[in-house]
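All remarks here apply to the structure that follows.
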């Protein structure tokens, strides 16, 4: 398989799926939203990733299943990190997943990474190579239907393992906590430019700060306060590399007294100034 260029992660009606190998440099320290679902299989190295602000470490023989519009960022990775990837558009995803229940997708959002046994890795790699052959066969009149079948078989197999090896209590509890976490993320996204106190978000969710911290720690491996700070930093990073706003304008938008205060805050969290982050070589974007 060939390594993807950054643009190869885009799927569309005319290019409904893509498959290949990558080191995911495209996502390194740059939050980007997938415009389709995706499956990654790590075959070497190690990386720490963030999916919808939830952190996890992936290494050899681990699988990641991503849902449409998931926000992905690579926090760090070693020089040996490599994955097989399969990205598919919303239409293929909907056709492939119509038999799966909401519990399955709730559980996936909470547990997007999984360590697979050797036999499962072998079978899953075979699916990727079948998809690669199909990707090259542009004239196949049943190309999309065959792709749906391959993706559906992959997801159904994952669905079976989740419900075979996890109790209904684990799945339901995961789904309930995941809903609270999603509400927390939505609240933070809407209010972090003005309000950064944990008590505000706990009160809005009608839960204790301790329970909120437990949920956030489970989902994001961060304290609730650190999560809020990370969301603020993410917003600043997005503004720095996707807009022409001045640092003072970003400070105003994010509710900081001035750009000096924002600069100190950003440097404390990232180790670099906003200007240094914005001027980094394009290969890091």
Restricting to Cα pairs under 8 Å and 6 or more apart, the percent relative contact order of the stretch 170-284 works out to 20
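Compute the FRET efficiency between residue 258 and residue 142 as 1/(1 + (r/R0)^6), taking r as their Cβ-Cβ distance and R0 = 41 Å, and round to the nearest 0.05.
Calculated value: 0.10.
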So what's the stretch 178-238 giving for Cα Rg divided by 2.2 N^0.38 Å, two decimals?
1.00
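Using r as the Cβ-Cβ distance of residue 248 and residue 119, and R0 as 41 Å, what FRET efficiency do you calculate, to the nearest 0.05?
Working: r = 57 Å, r/R0 = 1.40.
The formula returns an efficiency of 0.10 here.
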A student applying the Cα gyration tensor rule (rounded when a/c is under 1.5; otherwise prolate if a/b is larger than b/c, oblate if not) would label the stretch 6-166 rounded
Answer label, with mean projected area of the Cα convex hull in nm² calculated from the coordinates and candidates (1) 22.0; (2) 15.7; (3) 17.5:
(2)
Area projected by the alpha carbon convex hull of the stretch 30-123, averaged over all directions, nm²
6.1
Calculate the radius of gyration of the Cα atoms of the stretch 110-257 to one decimal place, then report Dmax, the largest Cα-Cα distance, as a whole number, both in Å.
21.5, 60
Over the stretch 6-166, relative contact order from alpha-carbon pairs under 8 Å, at least 6 apart, %
26
For the chain, calculated [θ]222 nm from helices alone, where every DSSP H run of n ≥ 4 adds -39500 (n - 2.57):
-16500 deg cm²/dmol
Rounded, prolate or oblate (a/c below 1.5 giving rounded, otherwise prolate when a/b exceeds b/c) for the stretch 218-285 by Cα gyration tensor:
oblate
Could you give the Stokes-Einstein D for the stretch 170-284 in µm² per second, using the C-alpha Kirkwood radius, 37 °C, 0.692 mPa s?
215
So what is the relative contact order of the chain, in percent, for Cα pairs below 8 Å that sit 6 or more residues apart?
17
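Bear in mind that the values in this text are calculations on the coordinates, not laboratory data. Note that the structure is a prediction, hence the values are computed from the model and not measured. Note that each Cβ is placed from the backbone with ideal geometry, even for glycine, and that neighbours are counted across all protein chains shown.
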